[in-house]
Amino acid sequence: MSTAPTPSEILGGALEYLQTIGHWIRGQYFDHRDRCCVVGALHYVAYEGNIAASARLDVEQSKRWAYRCLEDAISPGAKEDIDIEAWNDAPGRSIVEVLAVMKKAKTLAVERGM
């Protein structure tokens, strides 16, 4: 059994997964072809592996901090939470933009010691 991943590990793993050609989608968390949106990728990475039951709350906390870093990367200094699903699904959103924001979010997590 493993322990909970850190926010930077979650963001890094999600970034790596989405960098795989054709793995990013809009409009749903996952599909039958192993593609997912940003939120789906974060969830997948957070729970991959055999996480000990005692670490489940830690996973949720790490995932919340990963979301916070992602929100800060999307809209620095925002006073309200960002709807990451809506951001992912916005018309015209590109994988290039998604990957750039994911990289920025991972950098923020590392800089914050997460």
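A few notes on this one:
- VAL110 being surrounded by fewer than 12 Cβ atoms within 10 Å (Cβ to Cβ), not basic (Lys, Arg) and not in a loop (DSSP other than H, G, I, E, B): no
- Among residues of segment 14-34, those that are at pLDDT 90 or above and polar (S, T, N, Q), counted: 2
- The criterion of being among the basic types (Lys, Arg) and in a helix (DSSP H, G or I) holds for ARG64.
- Across segment 67-82, the number of residues qualifying as in a loop (DSSP other than H, G, I, E, B) and over 10 Å from LEU108 (Cβ atoms) comes to 7.
- Taking every residue in segment 71-92 that is without any contact (Cβ under 8 Å) to a residue 40 or more places away in the chain and pairing it with any residue that is part of a loop (DSSP other than H, G, I, E, B) and hydrophobic (A, V, I, L, M, F, W, C), at least 6 positions away or on another chain, the pairs with Cβ-Cβ distances below 9 Å are GLU71/ALA78; GLU71/ILE82; ASP72/ALA78; ASP72/ILE82; ILE74/ILE82; SER75/ILE82.
- Residue match in segment 34-44 (condition: in contact with a Lys or Arg (Cβ under 9 Å, 6 or more places away or on another chain) and either surrounded by fewer than 16 Cβ atoms within 10 Å (Cβ to Cβ) or assigned to a helix (DSSP H, G or I) (or both)): yes
The values are calculated or read from the model by the stated rules, or taken from the named source; none is laboratory data. Because the structure is predicted, anything quoted here is derived from the model rather than measured. Because the Cβ atoms are built from the backbone with ideal geometry, glycine has one as well, and the counts that use them run over all protein chains shown.
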